[in-house]
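Only one structure is covered here, and it is reproduced in the block below.
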Amino acid sequence: MLTDLKERLAQFGLKLHEGKTRLIAFGKFAGQRRSRRGLGRPETFDFLGFTHYCGKTSDGRFVVKRKTQRKRVIRKLKELRKEAKLRMHLPVAEQHRWLTAVLKGHYAYYGLPSNFHALVAFANEVRKIWRRTLGRRSQQGMSWELFVHILRLFPLPKPRITRPWRCNLA
């Protein structure tokens, strides 16, 4: 099957990347088949910034779940730390406007029901980055009480599901 795909792509002058292409057992019955062979859960794969994995709904039906790809989160948080240092001495209102835009964009792309825990974790890390950055503006640092007061004045958007499951696929 993989050779068929290689031949088809070759007709258009394209080729598969050997390190990134593999066939995996994935789908509704992959877990059952793997458990019969004494293997663990079905494999996962990364695509478009998400790690796709097999899951079940609350009523036991099969569903493909997606969570934010780990490498993407790490890379984004590193970028945010760098950018926060550059914006450290800007007014708090400008920093808030920037972080709000970052979080809203993240929620817009990654806001899936199966990814809510990752959204919460990302929001918490952004909050920590902002507190650390504000604390570096003075030699005294910043107490949690003061930071909570700033968050009351400049609240960051809460994680939200922006792309719910679509039941009507007709």
Selection within the stretch 49-71 - surrounded by fewer than 16 Cβ atoms within 10 Å (Cβ to Cβ) and closer than 23 Å to I129 by Cβ: G49, R70, K71
Residue check for N168: of a type in the set (S, T, N, Q) and modelled with pLDDT of 95 or more: no
Residue count for the stretch 94-143, restricted to those that are open to solvent by 40 Å² or more (accessible area, probe 1.4 Å), aliphatic (A, V, I, L, M) and modelled with pLDDT of 95 or more: 3
Any hit, the stretch 79-88, residues being free of Cβ contacts under 8 Å to residues at least 12 places away in the same chain, aliphatic (A, V, I, L, M) and loosely packed, with under 11 Cβ neighbours inside 10 Å: yes
H17 out of contact with any Cys (no Cβ under 8 Å at 6 or more places or on another chain) and within 30 Å of F122 (Cα to Cα): no
Residue satisfying all of: in the stretch 4-23; in a loop (DSSP other than H, G, I, E, B) and farther than 20 Å from F47 by Cβ; least open to solvent (accessible area, probe 1.4 Å) among these: G13
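The values are calculated or read from the model by the stated rules, or taken from the named source; none is laboratory data. In this text, all values refer to a predicted model and were calculated from it rather than measured experimentally. Cβ sites come from the backbone with ideal geometry, for glycine too, and all protein chains shown count toward neighbours. Just the protein is used for accessible areas: all its heavy atoms, side chains included, with ligands, DNA and RNA removed. Shrake-Rupley method; radii C 1.70, N 1.55, O 1.52, S 1.80 Å.
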